[in-house]
Amino acid sequence: MNIKLVNSKVNAILKSLSDISLPINIEEIAKMRGLKVIPYPLGDDVSGLLAIQDGIGTIGYNKNEPKVRRRFTIAHELGHYELHKEKSDLFVDKQFIYRSQNSGNTAVNQAMEQEANYFASAILMPADQVRKAIEKANMDLGSEEAIKELAKIFEVSTTAMSIRISSLGMF
Ligand SMILES: [Zn+2]
């Protein structure tokens with residue numbers, strides 16, 4: 001996975017926002033990037049999809065999933081759009097989040113899934129904002145409560161928050 005590329009895409013998008021307030025309004029950002037975002041009657045095992053037709057991308061998300069999950073799904077599909085739209089015009093994501101066995105098992109697909117997950121985590125939990133939130137609350141990241149608190153601020157799952165914090169080398 002090309003973390004540098006993913007980070008530079010995410011940073012460019014964050015920079016283009018007039019202000020970064022939390023939680024990140026991911027649906028608004030996807031729309032700003034020219035995507036349609038719609039709730040979809042997806043099967044229970046499908047979290048979301050990205051379909052590109054005539055150059056226009058549509059993100060469908062499973063409206064039956066909890067909000068933190070839907071937000072992650074939209075961010076993940078936006079990641080596919082920003083990073084992989086030349087490679088395919090349809091991405092269907094089963095309950096993928098943090099599971100690597102997905103979308104077929106080819107190495108290329110797995111790398112794309114990892115990149116989309118990393119993209120989602122970086123855009124929903126921007127590094128600077130995470131650091132500031134931790135400083136502001138003077139948190140001890142060893143405590144479960146602190147992770148829960150942070151997850152609430154960023155409107156992500158506690159799992160997503162733990163992964164982000166460890167990938168930022170903060171814990
Ligand atoms: Zn995916």
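The values are calculated or read from the model by the stated rules, or taken from the named source; none is laboratory data. Only a predicted model underlies this, so the values are computations on that prediction, with no experimental measurement involved. Cβ sites come from the backbone with ideal geometry, for glycine too, and all protein chains shown count toward neighbours. Accessible surface is based on the protein model in full, side chains and every heavy atom, while ligands, DNA and RNA are left aside. Shrake-Rupley method; radii C 1.70, N 1.55, O 1.52, S 1.80 Å.
Before moving on, here are some points about what is shown:
- Annotation note: Cβ proximity below 6 Å between a residue of segment 1-14 that is in contact (Cβ under 8 Å) with a residue 24 or more places away in the chain and a residue that is aliphatic (A, V, I, L, M) and surrounded by 13 or more Cβ atoms within 10 Å (Cβ to Cβ) (sequence gap 6+ or interchain) occurs for MET1/ALA111; VAL10/ALA122; VAL10/ILE123.
- Subset of segment 109-145 (residues that are within 16 Å of the ligand (Cβ to nearest atom) and among the hydroxyl-bearing types (Ser, Thr, Tyr)): TYR118, SER121
- Listing of helices (runs of 4 or more DSSP H) fully contained in segment 126-171 that carry 1 or more residues being within 17 Å of LEU14 (Cα to Cα) and open to solvent by 50 Å² or more (accessible area, probe 1.4 Å): 127-137
- Residue in segment 102-117 that is of a type in the set (A, V, I, L, M, F, W, C), open to solvent by less than 80 Å² (accessible area, probe 1.4 Å) and modelled with pLDDT of 95 or more present: yes
- When segment 15-37 is filtered for residues that are of a type outside the set (D, E, K, R), closer than 21 Å to TYR61 by Cα and without any contact (Cβ under 8 Å) to a residue 60 or more places away in the chain, the ones remaining, listed by number, are ASN25, ALA30, MET32, GLY34, LEU35, VAL37.
- In segment 1-87, counting only helices (runs of 4 or more DSSP H) that sit wholly within it, the ones holding 3 or more residues that are at pLDDT 95 or above, out of contact with any strand residue (DSSP E or B) (no Cβ under 7 Å at 6 or more places or on another chain) and small (Gly, Ala, Ser) span 3-16.
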